[in-house]
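Everything on this sheet refers to the single structure shown next.
The values are calculated or read from the model by the stated rules, or taken from the named source; none is laboratory data. What you are looking at is a predicted structure, and each value in this text was computed from that prediction instead of being measured. When we count neighbours, we look across all protein chains shown, and the Cβ atoms used for this are built from the backbone with ideal geometry, even at glycine. For accessibility, only protein heavy atoms count, side chains too; no ligands or nucleic acids. Shrake-Rupley method; radii C 1.70, N 1.55, O 1.52, S 1.80 Å.
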Amino acid sequence: KFFHSHYMTIDGGVFSDNRWDLLIMRGNKIIVDSALIMGYSPEFRAVVAARGSVGTTKHCVMDGITIRWQLNDFSHSTMSGAMYKDVEFRHFEEALCASQAMELERVKGTHPSQLVLSGLVWGTGTSSSTSKTKFHLCTSNNEEIKDVFWEDADGSLNQVNQNVGGFVIHQGDDATPALVYGAMGNTCTTLSDSCALHCENACLRPVTIMVDSNASPDPDALVLEIAHSLSGTTVQYTGHQGSILVHENGQVVHKSSYYPDASRGRFFTIALPPGSYTAKFLHGSTSVYPSFIKEYWGAEPMSCSASYASPTLTYDSNDVPAANCEALVKGGNFEGADAETWWHTTGNARLGLVDSEREGSTKALKIMGRTSHQYGAAQWVDSRCLNAGSSYEFEALVKLLDSAGNPVSCTPGPLGWGAAGACPEFQLFGHNADGTSFHQFDVGYASESPAASDGGWARIHGFASFEGAVASAERVLVHINGGDAGLDLLVDEISIMEISPPTASPTR
């Protein structure tokens with residue numbers, strides 16, 4: 001089991017009779033070279049037979065999967081650079097414990113797998129006539145994971161023309177075969193019993209495109225449309241979200257996942273043949289302009305000719321919609337709205353609308369299940385609307401509740417993040433184009449303790465001038481958190497207002 005492993009080579013060795021002979025969890029650039037991998041060896045079968053039904057050895061050692069690749073990593077980008085070279089598989093077709101040599105699995109994420117396969121040998125007890133004992137993508141099919149791109153460098157998995165390389169993709173991926181045909185004139189054929197297709201001589205390069213979670217009123221309805229400039233071939237992708245949107249008691253709840261949901265955005269993973277492409281985002285037939293677009297490119301294909309040229313991708317507009325800058329915070333007062341423009345940050349926290357029980361307001365946003373002071377609510381703001389040298393005013397109302405629903409007092413002032421008894425505060429997280437990031441604390445904080453006469457509500461307030469890295473950030477996340485762990489956090493009337501107006505219309 002290799003957990004969060006990067007830049008590692010496994011040279012030689014025998015892996016035998018394990019539930020998972022190799023379990024690669026969120027790892028990049030891992031090479032397995034000249035290894036022998038056995039599913040259910042005759043030697044272990046003899047041990048099982050000798051012991052009979054004693055202990056757990058009566059069971060098959062394998063759990064249906066022998067080489068297991070989880071589909072995500074910490075960067076949220078395409079898993080690239082992984083390779084299986086000159087690996088022999090044996091005993092994966094035994095009647096008692098049939099299994100697969102390789103299978104994809106989704107755990108805590110839905111990110112793609114890019115894997116290079118070369119020189120694979122299907123030895124004793126593993127048929128070379130069918131593909132399902134070699135590998136299959138059927139589990140990922142059940143989980144609706146279709147962004148899978150395995151480079152078959154020497155044609156080891158090609159059932160039609162052996163020794164002719166290409167890419168193995170998911171059978172439910174309709175877009176990639178269309179682009180392969182439009183850009184290269186090549187076709188993809190079905191691999192039997194594998195829930196996969198083989199695209200001969202397809203020089204694909206995957207790219208994961210991340211946009212902000214609120215780029216569309218309904219994130220699940222946001223579509224990425226890609227067009228090949230020369231052939232005009234046009235395809236669409238629906239993407240996937242960092243967390244799962246569910247409804248509980250009529251409220252939208254963002255269920256927790258492994259990473260901070262607010263920082264994840266919405267992802268579109270595609271694989272492009274060589275050529276020039278244009279892209280645009282759509283909600284129905286209406287063009288949508290996300291506040292940021294971040295590309296994570298996978299590795300260039302290894303089996304293509306020396307003249308291979310990486311694909312290029314441009315977007316239909318760089319203009320900033322005026323509405324993005326007119327209200328930097330979307331849905332900050334929660335009147336007649338829901339919680340979908342806000343995302344919880346980390347852990348098992350949940351969001352939902354509740355009665356505010358405050359004069360002049362009917363609804364507020366409640367963050368529940370907070371097991372840490374850092375759990376709160378966040379939203380992307382359009383960094384293109386943040387003008388260097390301008391000052392901004394941050395304001396919100398906050399309230400802390402104990403497990404019985406009673407208001408809890410807190411200590412005002414910038415006490416430092418995570419200080420015991422501190423009131424909630426505004427924070428800014430940012431990411432720059434060069435991969436660096438920043439975290440700005442105490443942008444707005446409470447100047448006085450919550451008053452019982454106000455129902456336990458406290459006002460957090462502050463000013464910030466955007467300079468340097470903040471002003472030039474590629475994407476910015478505004479975050480309200482704080483208050484001791486175990487307390488529910490209510491927020492309302494959230495706003496960010498520019499004090500000095502821009503002198504010119506911003507552009508990307």
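Do you know which residues across the stretch 406-424 are in a loop (DSSP other than H, G, I, E, B) and of a type in the set (A, V, I, L, M, F, W, C)?
From the stretch 406-424, those in a loop (DSSP other than H, G, I, E, B) are 406, 408-410, 412-421, 423-424; that's our starting set.
Answer for the stretch 406-424, where residues must be in a loop (DSSP other than H, G, I, E, B) and of a type in the set (A, V, I, L, M, F, W, C): VAL408, CYS410, LEU415, TRP417, ALA419, ALA420, CYS423.
Restricting the stretch 321-340 to residues that are in a loop (DSSP other than H, G, I, E, B) and either open to solvent by 40 Å² or more (accessible area, probe 1.4 Å) or charged (D, E, K, R) (or both), which is modelled with the highest pLDDT? Spell out the reasoning first.
Kept after step one, since they are in a loop (DSSP other than H, G, I, E, B), are these residues of the stretch 321-340: 321, 327-340.
Those still in the list that are either open to solvent by 40 Å² or more (accessible area, probe 1.4 Å) or charged (D, E, K, R) (or both) too: 327, 330, 333, 335-338, 340.
Values: ALA327: 82, LYS330: 85, ASN333: 88, GLU335: 82, GLY336: 69, ALA337: 61, ASP338: 63, GLU340: 72.
Looking at residues that are in a loop (DSSP other than H, G, I, E, B) and either open to solvent by 40 Å² or more (accessible area, probe 1.4 Å) or charged (D, E, K, R) (or both), I get ASN333.
Only one residue in SER403, SER356 is part of a loop (DSSP other than H, G, I, E, B) and over 28 Å from PHE292 (Cβ atoms), so which one is that? If you could, list the steps in order and put the result at the bottom.
Details: SER356 fails: part of a loop (DSSP other than H, G, I, E, B).
After applying the criteria, what remains is SER403.
Might you let me know whether the stretch 373-383 holds any residue that is surrounded by 20 or more Cβ atoms within 10 Å (Cβ to Cβ) and assigned to a helix (DSSP H, G or I)?
Here is the first cut: in the stretch 373-383, the ones surrounded by 20 or more Cβ atoms within 10 Å (Cβ to Cβ) are 373, 375-383.
If we keep only those that are assigned to a helix (DSSP H, G or I) too, we end up with 383.
The answer is yes, given that some residue of the stretch 373-383 is surrounded by 20 or more Cβ atoms within 10 Å (Cβ to Cβ) and assigned to a helix (DSSP H, G or I).
List the residue pairs whose Cβ atoms are under 9 Å apart, where the first residue sits in the stretch 334-352 and is more than 15 Å from ASP488 (Cβ to Cβ), the second is among the aromatic types (Phe, Trp, Tyr) and modelled with pLDDT under 80, and the two are 6 or more positions apart or on different chains.
THR346/TYR259
Which of the strands (runs of 3 or more DSSP E) contained wholly in the stretch 171-211 include at least 3 residues that are under 21 Å from TRP297 (Cβ atoms) and out of contact with any Lys or Arg (no Cβ under 9 Å at 6 or more places or on another chain)? Write out each step before concluding.
Details: elements: 188-191, 196-200, 205-211.
In the stretch 171-211, the matching strands (runs of 3 or more DSSP E) lie at 205-211.
Please specify each residue of the stretch 162-188 satisfying the condition of being among the polar types (S, T, N, Q) and open to solvent by less than 30 Å² (accessible area, probe 1.4 Å).
Once the filter is applied, which keeps residues that are among the polar types (S, T, N, Q) and open to solvent by less than 30 Å² (accessible area, probe 1.4 Å), the stretch 162-188 yields only THR176.
Hey, can you tell me all the residues within the stretch 425-450 that are open to solvent by 40 Å² or more (accessible area, probe 1.4 Å) and part of a loop (DSSP other than H, G, I, E, B)? Can you show your working first?
Narrowing the stretch 425-450 to residues open to solvent by 40 Å² or more (accessible area, probe 1.4 Å): 429, 431, 433-437, 439-442, 445, 447-449.
Correct list: ALA433, ASP434, GLY435, THR436, SER447, GLU448, SER449.
I'm trying to understand the selection: among the residues of the stretch 486-501, which are open to solvent by less than 20 Å² (accessible area, probe 1.4 Å) and either modelled with pLDDT under 85 or closer than 16 Å to ASN214 by Cβ (or both)?
Just the residues of the stretch 486-501 that are open to solvent by less than 20 Å² (accessible area, probe 1.4 Å), to begin with: 489-492, 494, 496.
Result: ILE494, ILE496.
Okay, residues lined up against (1) crowded, with 19+ Cβ neighbours inside 10 Å; (2) of a type in the set (Ser, Thr, Tyr):
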position	(1), (2)
LYS146	yes, no
THR190	no, yes
LEU197	yes, no
ASN201	no, no
LEU204	yes, no
PRO219	yes, no
GLY232	no, no
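Could we say that GLY483 is at pLDDT 85 or above, crowded, with 19+ Cβ neighbours inside 10 Å, touching a Lys or Arg at 6+ places or on another chain (Cβ under 7 Å) and outside any strand (DSSP E or B) here? It would help to see each step written out before you state the result.
Numbers: at pLDDT 85 or above: yes; crowded, with 19+ Cβ neighbours inside 10 Å: yes; touching a Lys or Arg at 6+ places or on another chain (Cβ under 7 Å): no; outside any strand (DSSP E or B): yes.
Considered against the rule, which asks whether it is at pLDDT 85 or above, crowded, with 19+ Cβ neighbours inside 10 Å, touching a Lys or Arg at 6+ places or on another chain (Cβ under 7 Å) and outside any strand (DSSP E or B), GLY483 comes out as no.
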